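The values are calculated or read from the model by the stated rules, or taken from the named source; none is laboratory data. Everything numeric in this text was worked out from a predicted model, so none of it was measured. Counting neighbours? That spans all protein chains shown, and the Cβs are built from the backbone with ideal geometry, glycine included. Please note that ligands, DNA and RNA were not included when accessible areas were found on the heavy atoms of the full protein model with its side chains. Shrake-Rupley method; radii C 1.70, N 1.55, O 1.52, S 1.80 Å.
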Amino acid sequence: MTPIATAGLPIREYILVGLISAALTYLLTGLVRRFAIRAGAIANPRARDVHVIPIPRMGGIAMYLGVLGGMAMAHQLPVLRRAFEFSFDPVGVLVGGGVIVLIGAVDDRFEIDAWTKLAGQVLCAGILVIFGVQWNAFWVPWGGNGNSLGSMVILGNNQGGLLMVLLVVVLVNAMNFVDGLDGLAAGLGFIAAAATCAFSIGLLDSAGGDVNTYPPALIAATLAGACLGFLPHNFQPAKIFMGDSGSMMIGLMLAGATTSASGKINYTRFGGSDLIALLAPLLVVIAVLFLPMLDLVMAVIRRTRRGQSPFAADKMHLHHRLLEIGHSQRRAVLLIYLWAGLLGFGAVSLTLFDKATVFWIVGAGLLAAAVVSVIPRLRRPPNGTTT
């Protein structure tokens with residue numbers, strides 16, 4: 001891909017809808033907080049929780065309304081309206097997102113069981129598939145001939161649908177698992193969505209303004225705005241939690257945005273020679289969601305080895321471990337932001353700028369992040385108490 005050029009690209013329009021989503025979410029969160037208190041959707045402190053006072057949840061409702069407002073604004077803009085006229089991806093994400101927010105809101109109030117939530121997640125993933133949001137093909141670095149590097153894996157409708165359901169369930173639960181510190185899920189959602197939006201705009205540029213590449217950037221821009229608008233209410237000390245209504249919506253929308261973007265890649269323009277470019281869709285998906293997915297996988301392994309359900313709660317997530325090392329809540333959250341930003345935007349930068357330069361900058365950033373992450377442990381005296 002070539003570097004992003006502002007000429008001919010609706011970057012200002014995407015920024016506008018993102019800001020509309022942010023403003024609406026920020027303004028509506030206070031109203032949703034009052035509603036949550038009256039409805040009894042309160043997160044009372046538990047043994048595994050970090051907060052020590054009851055805090056209302058259901059913030060995902062305000063976030064969804066912010067996304068809805070941003071999408072409505074986009075539909076009124078002549079350029080971004082193309083995202084709706086030539087694709088059902090935005091509508092599919094709105095419908096699936098609305099259903100999963102409803103399921104999450106019920107859980108925020110009544111705490112439904114894990115298997116019921118899983119059934120709801122599969123239902124919402126199926127909604128995306130019905131609207132055509134699914135993987136149809138992707139490139140793999142094997143099976144090529146003398147003239148090409150690697151080969152394309154073409155998926156049938158059933159295979160692509162099952163892969164989409166799996167991706168949605170994994171990302172929804174990954175974002176749900178990582179939502180353990182004030183501002184953590186909202187910040188990670190913003191970083192992942194912003195990186196996905198940047199990748200999608202680069203894709204739009206390289207595709208010469210093809211209208212089929214408009215939806216993923218729109219989905220990601222509105223989600224980034226909603227997460228940004230919610231953060232002032234949610235950053236430590238939080239006044240409201242997003243709850244499952246918010247974390248599950250973030251996971252579903254990220255799955256929709258990344259799949260919509262990756263499904264629009266024209267691999268033939270790379271000529272089978274640019275390995276990084278060919279792997280770009282998978283690299284971006286993996287990088288922007290690496291930390292939540294790693295936390296999810298480690299939690300499942302940890303719990304199943306103990307003979308527990310994968311959905312059983314514990315206090316050994318990544319953010320808990322950072323607190324245990326000696327970081328404060330805010331510093332732990334900012335450190336995870338740093339890791340996620342380096343991985344996510346680093347992967348996107350590989351598709352837009354000089355790869356050698358990006359490798360050096362991201363490598364140096366990751367090294368600095370690793371040093372900062374372990375500093376409290378290095379300062380800890382032999383008796384185990386912090387200085």
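How high is the relative contact order of segment 35-125, in percent, counting Cα pairs under 8 Å that sit 6 or more residues apart? Present the calculation step by step, with values, prior to reporting the outcome.
Details: 60 pairs, mean separation 25.8, N = 91.
The normalised contact order for segment 35-125 reaches 28 percent.
Highest first, please rank the peptides 213-222, 194-203, 354-363, 230-239 by the mean number of other Cβ atoms sitting within 10 Å of their residues. Don't skip to the end; give the middle numbers.
Numbers: 213-222: 31.1, 194-203: 26.2, 354-363: 13.2, 230-239: 19.6.
Packing order, densest peptide first, comes out as 213-222, 194-203, 230-239, 354-363.
Can you give the direction-averaged projected area of the convex hull of the alpha-carbon atoms in segment 52-104, in nm²?
On the way: hull surface 17.9 nm².
If I average the Cα hull's projected area over directions, I get 4.5 nm².
Mind computing the radius of gyration and Dmax over the alpha-carbon atoms of segment 30-123? Å is fine for both.
16.6, 52
Once fully extended, how much extra length lies between ARG306 and SER328, figured as 0.36 nm per residue of separation less the alpha-carbon to alpha-carbon distance? Please list the in-between numbers first.
On the way: separation 22, 0.36 × 22 = 7.92 nm, distance 2.90 nm.
Fully extending the segment from ARG306 to SER328 adds 5.0 nm.
Can you give me the distance in nm between label points at ALA370 and VAL79, each placed 7 Å from the Cα along the Cα-to-Cβ direction?
The two pseudo-label positions are separated by 4.1 nm.
D for segment 175-251, whole µm²/s, Stokes-Einstein with Kirkwood Rh over alpha-carbon pairs at 4 °C and 1.567 mPa s: what number?
After rounding, the answer is 100 µm²/s.
As a test question: what accessible area, to the nearest 10 Å², does VAL129 have when a 1.4 Å probe is rolled over all protein chains in place?
Approximately 40 Å² for this residue.
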